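The values are calculated or read from the model by the stated rules, or taken from the named source; none is laboratory data. On a predicted model such as this, the values are computed, not experimentally measured, just so you know. Note that each Cβ is placed from the backbone with ideal geometry, even for glycine, and that neighbours are counted across all protein chains shown. Ligands, DNA and RNA are stripped out before the accessible areas are found, and what is left, the full protein with its side chains, is counted by its heavy atoms. Shrake-Rupley method; radii C 1.70, N 1.55, O 1.52, S 1.80 Å.
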Amino acid sequence: MLARSRGSPRWIIHNPSAILAAFSVLALVQIGVVLSGNWLVLGPDGLLAGPDSYMRLLRVEIWMQAGGWRDTGFPLSNAPYGENLHWTRPFDVLLWLGSRPLGLVMGLREGLFLWGVAISPVLQGLTVVALSWATRPILSSRAFVFLVLLFSIQPAVRAVFGVAR
């Protein structure tokens, strides 16, 4: 379903109703994944999805407290020597930026944990906006919503953009 050429496009991205439908599809898939029991974030302990998620949050917490932008060492692993991690800082910056406003309200650790739970679905929403921009010249709005459905149910995409990931 290719979009018809109508001169200059009125919207840079798909129309607002298509974007709303796309975000509704994303929300339903995310809620379905959480309620299916695959994620323990809603449990009494509020668990993240795997040890890498905790290591990333601990790394950001250490960076926020001690500084050291170029320091790739992680002292809490491989004691007493520590470990050098291959992760880069841009994702740490995203975690830091999102946790700052939450940290003012609920404390640094709690704000970082809450943002660590929410950042992946937020990034998935931003990816859908980028998909909308990229497909606007070639897809109709209905085809775009179908694309978002296909995008959001892929196992690898659900694993990367899942809640508490």
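Just a few scattered comments:
- For segment 46-85, trypsin sites (Lys or Arg not before Pro) are listed when DSSP marks them as loop and at most 14 other Cβ atoms sit within 10 Å of their Cβ; the list is ARG70.
- Cut-off of 10 Å, at most 12 other beta carbons, DSSP loop: longest stretch of the chain lacking such chymotrypsin sites (Phe, Trp or Tyr not before Pro): 82-165
- Accessible-area composition of segment 77-148, carbon plus sulfur, in percent [1.4 Å probe]: 70
- Normalised contact order of the chain, rounded percent, pairs of Cα under 8 Å and 6 or more residues apart: 37
- Accessible area of the chain divided out per residue, in Å², using a probe of 1.4 angstrom: 62
- Per residue of the chain, the DSSP helices (runs of n ≥ 4 H) give a summed -39500 (n - 2.57) that works out to -20000 deg cm²/dmol at 222 nm.
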